[in-house]
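This report concerns only the one structure given below.
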Amino acid sequence: MAERAAHLTSAVTESKPTIFEVIAQENLMHGIRPALHHVVKVLAESRPESLGWTLHWFDEIYTVLDFVLQNYYLHYHNGSFAENFYSLKRVCSCNRDQKRLPRKEHWKSLFCLNKSWHSLLKLFVMVYPYIHMSWEGSLLAFQVMYMFGKSRWHSPLIKASGVELRQHDMDDMVTEEKTDSIDWSHASLKEKLNFSSFRVLNFTAQTLSTGLSVGVFFLQFLDWWYASDTNAPSLMALPIPDPPQVNSDVAVPKSELCPLCLKIRTNDTALSVSGYVFCYPCIHEYIKQHRCCPVTSYPASTSSLVKLYPPDS
């Protein structure tokens, strides 16, 4: 009884729900759909002949049932199913004393709760490629018509704005010159401040425009310079040496013989730099003295030796 009274007292003094209650009801709503989907999936897999259609049409069935359920709870409890589960309700922001949700707020809440607008987002994703293609096609058509003098607008946005593009003429230059000058002797302090601000902004804009043009040209020049420097042969580059010549007089023996002792191999060991297989004592001693492969003369070390374990050994 004391806990019940304490809960009622806190509700009277402050009816705003805590963040934990809000998050809890949100998580409940988010967890219902996957839980039902799992149940329907298990039932459909156990009896695919009679219940397989429920999994195929799950999204549509869930949307209809969710719409009916949320509409019922909004109408009789002024809140969604999850909100009523946690003893929460919705009140109109403009008039919190109303006992019932107005019809407008009721349908807006139902629309947001049912989340049928997710289908609109999916539809938009589906039709977006066609919308993008139509838009790009209209831009191309406007530009082609403008190029051949069949249209006064090069873009549908310019036409929708009700304006056209024209080049500056002498009147514009005269107007700009008048704007850039002022009679300081008869100008007020406010006019002088406005004119000074205008000149500063105009100078900044011109500086940025000129600097941008010069910067783009400089970047293109650097790109060309480094590209040509990379592709051009360097005068300081060392010549590519000829492939090494095999000076060894040792002929390549049969596969079961060691290339050094020319006897049947014992304790097979491969030299990884060339792939040839030798007796371990022979190749180990040769590598320590000559630091290269005895057949190909490739540089090698004792770390290049790989012990082999053939099946017949």
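Of the residues Ser10, Ser15, only one is outside any helix (DSSP H, G or I) and either of a type in the set (Val, Ile, Thr) or modelled with pLDDT under 75 (or both); which?
Of Ser10, Ser15, the one residue that is outside any helix (DSSP H, G or I) and either of a type in the set (Val, Ile, Thr) or modelled with pLDDT under 75 (or both) is Ser15.
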Residues that are at pLDDT below 75 and within 30 Å of the chain's Cα centre (by Cα): which helices (runs of 4 or more DSSP H) entirely in segment 117-194 hold 3 or more of them?
-> 117-147
Select from segment 35-88 the residues that are outside any helix (DSSP H, G or I) and touching a helix residue (DSSP H, G or I) at 6+ places or on another chain (Cβ under 9 Å) and write down the one among them that is surrounded by the most Cβ atoms within 10 Å (Cβ to Cβ).
-> Ser80
Output the residues belonging to segment 260-283 that are within 21 Å of Gln245 (Cα to Cα), assigned to a loop (DSSP other than H, G, I, E, B) and in contact with a Leu (Cβ under 9 Å, 6 or more places away or on another chain).
-> Ser272
Quick check: anything in segment 29-43 basic (Lys, Arg), over 16 Å from Ser87 (Cβ atoms) and modelled with pLDDT of 85 or more?
-> yes
How many residues does segment 18-34 contain that are surrounded by 15 or more Cβ atoms within 10 Å (Cβ to Cβ) and either assigned to a loop (DSSP other than H, G, I, E, B) or among the small types (Gly, Ala, Ser) (or both)?
-> 1
Consider Asp229 against the criteria (1) modelled with pLDDT of 75 or more; (2) of a type in the set (D, E, K, R); (3) not in a loop (DSSP other than H, G, I, E, B): it satisfies all of them except one. Which criterion is unmet?
-> (1)
Quick one: in segment 284-313, of everything that is without any contact (Cβ under 8 Å) to a residue 24 or more places away in the chain and in a helix (DSSP H, G or I), which residue is surrounded by the most Cβ atoms within 10 Å (Cβ to Cβ)?
-> Ile287
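Name the residues in segment 259-269 that are under 56 Å from the mean Cα position of the chain (by Cα) and either at pLDDT 90 or above or hydroxyl-bearing (Ser, Thr, Tyr) (or both), would you? Show your work before the answer.
Step one: of segment 259-269, the residues under 56 Å from the mean Cα position of the chain (by Cα) are 268-269.
Hit for segment 259-269 is Thr269, nothing else.
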Please determine, by comparing only the residues of segment 33-70 that are touching a residue at least 40 places away in the same chain (Cβ under 8 Å) and not aromatic (Phe, Trp, Tyr), which one is nearest to Arg90 (Cα to Cα).
-> Gln70
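The values are calculated or read from the model by the stated rules, or taken from the named source; none is laboratory data. From a predicted model like this one, the values you see are computed outputs, not experimental measurements. Neighbour counts are summed over all protein chains in view; Cβ atoms, including those assigned to glycine, are modelled from backbone coordinates with ideal geometry.
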